1. For the range B:23-43: of the residues being touching a residue at least 24 places away in the same chain (Cβ under 8 Å) and within 19 Å of the chain's Cα centre (by Cα), which is farthest from residue A:281 (Cα to Cα)?
2. Can you tell which of A:9, A:23, A:71, A:53 is within 14 Å of chain B (Cβ to nearest Cβ) and touching a helix residue (DSSP H, G or I) at 6+ places or on another chain (Cβ under 8 Å)?
3. Which of (1) more than 14 Å from chain B (Cβ to nearest Cβ); (2) surrounded by 17 or more Cβ atoms within 10 Å (Cβ to Cβ) is the odd one out, the single condition residue A:126 does not satisfy?
4. Quick check: anything in the range A:23-36 buried (at least 17 other Cβ atoms within 10 Å of the Cβ), in a helix (DSSP H, G or I) and touching a strand residue (DSSP E or B) at 6+ places or on another chain (Cβ under 9 Å)?
5. Evaluate the following for residue B:172: is it more than 15 Å from the chain's Cα centre (by Cα), closer than 22 Å to residue B:49 by Cα and in contact (Cβ under 8 Å) with a residue 24 or more places away in the chain?
6. Inspect all residues belonging to the range B:82-91 and state whether any of them is in contact with a helix residue (DSSP H, G or I) (Cβ under 8 Å, 6 or more places away or on another chain) and more than 22 Å from residue B:162 (Cβ to Cβ).
7. Quick one: count up the residues across the range A:141-174 that are in contact with a strand residue (DSSP E or B) (Cβ under 8 Å, 6 or more places away or on another chain) and assigned to a helix (DSSP H, G or I).
8. Quickly run through the range A:88-98 and pick out the residues that are crowded, with 24+ Cβ neighbours inside 10 Å and either away from every other protein chain (no Cβ under 13 Å) or not in a helix (DSSP H, G or I) (or both).
């Protein structure tokens, strides 16, 4: 329990418990899935946290609702590739406040439409040439709105950390010891929160960040000890994981608590999406499937081990999903 | 509570409670999903029981495991279009007994492969020209195996009825009154069990059988009062729901307890599958989506009402699912 007292970290287990209390009865306690077939493929045991079944189709609602509940703003602005956008939009609607979101013009259609359907004003920008953070800050000032950042904020990390809290609680309920946990990583908010919860509740669990090969800034940053940046022309269909570099606060947590960083190819991600379709009956978006891809591709030892995997979201366009299914090579 | 004493029916609530006890810790207590977007589409509230997340990808594991647990056979045989096949195969494997399954040669590939992967011997037959019941009975005699029928048996109905039991219990936990429940119907085992549970636990809930238009034997049987038969050349992609006529025992229950029968077109089913993909992130097979299709197509009044819908399975080939997604007309 020494961990509770790490004053050098921006969040602790109590922040996650406070977030869980705010989310109680509002967020879905998503199921922890298991499949005989996937277990057979890895020669071990996979427990999969199904965040595509969360409200708005990804874990992002947790952090957004936690932040908005705690900060009590009168209007909010956010910039997001789409999942944070929908999370903030729903949280704002539930709180009865207005909401504007800055989104890339090439975001998946389902994310753009989903955000608008939740009542948010959507402002699009060019991902290659414009700075979303600057646009978001400007918009916030103009509208006298509070900016809800996508990951680099204690309340966001704590909200996302309820994924790890539920994971550890359900594993305990099933009397299962988790050897490792694989969590996707864009800006690092989800994994920072999960690692904080797991460090307290299952301190023997090795937590790994999983990223697309082309956007492996956290893996490189963990190796070098300082925040590294991705090339600006990153090509990956994992649209949810293309943050340019680790957050300042998230990296402070992740550097202290993670066992390492793993990277997977888009092809491995597509394989994982097909296997989730077939054996879990779950729609997982590319960015949501990287952790499963890492387990299936053998990036860590899986034989006779029990591995928790966070499937972080399921907001993928029907056309892309159909293409991926049709490209099945098995 | 008068219902408890209906001695004219082949199963009662106590049979379902006994099944729930046998399934405890073995079957998944599947989540009851809800979506803001789907609620908006019907102007009411939908609560969706997600049986694609059940072991083997459909509710069929419940009845199979219940029957095999209670009968304690040394070997089993079954005939099935694929979901009962996988349910029986897994239940047999968990009990350590051998298993042979008679399946249509044109069953979905995922169901044929899934059944074989669970260790069952698969014998295929021609759906148009051969009688699966006769083949199953012959095989059972040759192997000295017990035949596990797909629906027309009290233990099968009771096992499937645990879907209704969980549904009613979760609705009570959320303090929700169910105005209606829509349940798919092939041979009628699932809905007979669900109606039995709901009649006791939420007696005000109107339970409707939903079938493909081309295979609406139960709807016609409920209207005429006797067991009607479908044409032998039925064309529908709802492969799981093509039983030729209601079962004798299932129809005895269904005639007594159901509010009526509804029918939907394959096109309406495809629309429902796309909406489940988009808003629930769930893979639902055609036969598993008929009840959702009936709600979305307005077959019953949904405005300001709360409707439970059973999504019964998710075993659909990737190729067909991709075609259905690609055909999106929205």
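The values are calculated or read from the model by the stated rules, or taken from the named source; none is laboratory data. Note that the structure is a prediction, hence the values are computed from the model and not measured. We place every Cβ from the backbone using ideal geometry, glycine too, and count neighbours over all the protein chains shown.
1. The selected residue is B:23.
2. A:53
3. The failed condition is (2).
4. Taking every residue of the range A:23-36 in turn, none turns out to be buried (at least 17 other Cβ atoms within 10 Å of the Cβ), in a helix (DSSP H, G or I) and touching a strand residue (DSSP E or B) at 6+ places or on another chain (Cβ under 9 Å).
5. yes
6. No, the range B:82-91 contains no residue that is in contact with a helix residue (DSSP H, G or I) (Cβ under 8 Å, 6 or more places away or on another chain) and more than 22 Å from residue B:162 (Cβ to Cβ).
7. 7
8. Once the filter is applied, which keeps residues that are crowded, with 24+ Cβ neighbours inside 10 Å and either away from every other protein chain (no Cβ under 13 Å) or not in a helix (DSSP H, G or I) (or both), the range A:88-98 yields A:88, A:92.
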